[in-house]
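Let me begin by presenting the structure, written as structure tokens, before commenting on it.
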Amino acid sequence: MTVTKKTSISEALSKRRDDIESQWTGELKSSTSTSAKGRLTSAEVADQAKQFLDIFHPALQTLQLDDINGSEWLEVRAFLDELSKRRVLAGFSSDETAKFIFSLKRSLFDALKQEFSGDSIQLADGIWQVTVLLDNLGLHTIKSYQKAREDVINRQQEELLELSTPVVKIWEGILALPMIGTLDSARTQIVMESLLQRIVETEAQIAIIDITGVPTVDTLVAQHLLKTVTAIRLMGADCIISGVRPQIAQTIVHLGVDLQGVTTKANLADALSLALKRSGFSFSKH
Amino acid sequence: MPTLHSSGELPLKSEHDMVLGRQMVRRLAQEQGFSLVDQTKIVTAASELARNALIYGGGGMLKWEVLLDGLKRGVRLTFQDQGPGIANVELALTDGWTSGHGLGLGLSGARRLVDDFELDSVVGQGTRVTVTRWK
Amino acid sequence: MDRIPILRMGEFLLVTIQVDMHDQLALRLQDDLTQAIDANGTKGVLIDISALEMVDSFIGRMIADISGMARILDAKTVLVGMQPAVAITLVELGLSLPGVATALNVERGMQLLRHTRDEADADTALKR
């Protein structure tokens, strides 16, 4: 019995594909979330609806309508993920984006009404199936939208992070990295990677990490610094840590962290002086 | 609840198998969009564990799975061998990160390179190590 | 039988590791290298790993062993070209290769070897 009904939904869509498409497109266009705000052109709206129905139909034909996380709905999910991503970037809200799916209900219900005009039980079942299916797809769209939003925010945070922790070439072969603010695991990772990359790009011989602007150094921070220094050494460059205040020196010793022969200097100027000397430069004042 | 997206198996019976295994893991990580550093980490962990299975376990099997948890993607690797097993798991896993010779097992190191780590070992029967790295 | 080629770079030896290493290859390399150091009276060996996208504890140990053997034969080893992702991973893995000198590339590595050799010569001169 159930199989017959599902086949019928799929059939209803095949028979009335054009009607469904034009009705849905019409509704999308007239909804205030799209054309009124002018963020999507009429043509784009029609195109998206068409593309969606092109992959929606084959998925329906698999007759597996209960689990949208199955492989039958892979293409549809991928389409919705892409749609969400684009809508996030275009500034749509999550419900505006989900409406893409929910507004399809109307046209599908109408198609079912026409298909099962004489059979109210089949019609009711068909409407229920479609409702559950589109609700699930709509929820997936919202989740997808949220993830895409998070990704954008994370990327922006990373860019901000990079901007706030610039790697500066302060001399031929010498890079400086002034760290400001608290150092956490995620931040240190990003900073470490970008510093190492810059060392390779500039073929720098010495990297100075200045921690004057870091308020506290706990075991974790000390370990992160140590890892960074070790990685730099493995790549073949030297590292000097500057801005080590008396408090920090005490903390490091009390914590029992062994800095393993890492050169430390009280301030950036001293570090630069040492770096230049190591690089073979000498200066005289006139 | 993570769902399975795809999976497969590879034998680990020779050095050549190890090379293939590494290449497979690299490919999986790339396909799932892992950053270069994260790719390197999981491939290196796989190399350590595959070597264990081959050299200490007398050969075994690598099962790989791509998992989806909501919208998170993960790569899970299971290394199974029918070797002598590990007598003292605690000892094998506790290794100061500065030393490079942890009974030659590389387990503690591999653990640091992944997000989830599970070890099952029965002396005389074999060892199974399951690691997962999430994007 | 495949083996990793050892090239002469001036007075030093250069080994470029590009392929996946396995036990036999590593042992063969150590054999060939120690022989070559002896035969050439070389004072310096460069190991170029710029092509390696992964270094695990096996390769790490091999490098440390080569460095140790070379030292006993009075030659210095410099490891060059480690990629950033590899460096980060190695550190996380717990390997810091303490006894091995490193340089960014072959050119810098050679500078380092020449510098060390010059210092050694100066030392010898002083002692006379």
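Read-outs: derived from the displayed coordinates by stated rules, not from any lab. Remember, predicted model here, so these are calculated numbers, not experimental data. When we count neighbours, we look across all protein chains shown, and the Cβ atoms used for this are built from the backbone with ideal geometry, even at glycine.
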Just how far, in whole angstrom, is the range B:24-40 from the range A:209-232 if you go by their alpha carbon centroids?
-> 28 Å
For chain A, the Debye formula with one identical point scatterer on each Cα and no solvent gives log10 I(q)/I(0) at q = 0.11, 0.13, 0.14 Å⁻¹ as -0.72, -0.83, -0.91
Tilt relative to chain C, helix C:84-93 - C-alpha long axis, 0 to 90 degrees, to 10 = 80 degrees
Relative contact order in percent for the range B:1-127 (Cα pairs under 8 Å, 6+ apart) equals 28 percent
Expressed as a fraction of 2.2 N^0.38 Å, the rule-of-thumb size for a compact globular protein of N residues, what is the C-alpha radius of gyration of the range A:2-157?
-> 1.06
Determine, from the Cβ-Cβ distance of residue A:17 and residue B:31 and an R0 of 35 Å, the FRET efficiency 1/(1 + (r/R0)^6), rounded to the nearest 0.05.
-> 0.55
Ranking of A:284, A:14, B:47 by count of other Cβ atoms within 10 Å, fewest first = A:284, A:14, B:47
Debye log10 I(q)/I(0) at q = 0.20 Å⁻¹ for the range A:214-286, Cα point scatterers = -0.90
Taking only the C-alpha atoms, wrap a convex hull around the protein assembly as shown and report its volume per residue in Å³ as a whole number.
-> 226 Å³
For A:233-246, mean number of other protein chain Cβ atoms within 10 Å = 4
If you line up the Cα atoms of the range C:1-50 on their principal axes, what length do they span on each, largest first, in Å?
-> 28, 23, 14
Compute the long axis of helix A:185-202 from its Cα atoms, compare it with the longest principal axis of the Cα atoms of chain A, and write down the angle in degrees, 0 to 90, nearest 10.
-> 70 degrees
With charges only on Cβ, +1 for K and R and -1 for D and E, what is the dipole size of the range A:2-157 about its Cα centre, in debye, rounded to 20?
-> 500 debye
Rg(Cα) of the range B:3-134 divided by 2.2 N^0.38 Å?
-> 1.00
The Cα extents of chain C along the principal axes, largest first and rounded to whole Å, are 46, 33, 22
Select from A:126, A:202, A:111 the residue farthest towards the positive end of the dipole of chain A; place +1 on Cβ of Lys and Arg, -1 on Cβ of Asp and Glu, and compute about the Cα centre.
-> A:202
Please tell me the relative contact order of chain A in percent, rounded to the nearest whole number, where contacts are Cα pairs under 8 Å and at least six residues apart.
-> 13 percent
Quick one: of the DSSP bridges fully inside the protein assembly as shown, what percent are antiparallel, nearest 5?
-> 60 percent
Karplus-derived HN-Hα couplings along the range C:13-23 (A = 6.51, B = -1.76, C = 1.60, θ = phi - 60°), whole Hz, x at Gly and Pro | 10, 10, 10, 10, 9, 10, 9, 5, 7, 10, 3
For chain B, what is the mean residue ellipticity at 222 nm derived from helices alone (per DSSP H run of n ≥ 4: -39500 (n - 2.57); sum divided by total residues; nearest 500 deg cm²/dmol)?
-> -10000 deg cm²/dmol
Have a look at A:281, B:67, A:252 and report the one farthest towards the positive end of the charge dipole of the protein assembly as shown, computed about the Cα centre with Cβ charges (Lys/Arg +1, Asp/Glu -1).
-> A:281
In debye to the nearest 20, the charge dipole size for the range C:6-127, taken about the Cα centre with +1 at each Lys and Arg Cβ and -1 at each Asp and Glu Cβ, equals 280 debye
Helix A:268-278: inclination vs chain A longest Cα principal axis, degrees, rounded to 10, gives 70 degrees
Size of the range A:168-278 as Cα extents on the principal axes (Å, biggest first) | 36, 28, 24
Under 5 Å between amide H atoms, partner at least 5 residues away or on a different chain: which partners does residue C:76 have, H built in plane at 1.01 Å?
-> C:44, C:45
Which of A:94, A:117, A:22 comes first, and how do the rest follow, when ranked by fewest Cβ neighbours within 10 Å?
-> A:117, A:22, A:94
Output the relative contact order of the range C:6-127, whole-number percent, from Cα pairs under 8 angstrom with separation of 6+ residues.
-> 25 percent
Gaussian network model of chain C, Cα springs within a sub-10 Å range: biggest mean-square fluctuation belongs to which of C:25, C:79, C:33?
-> C:25
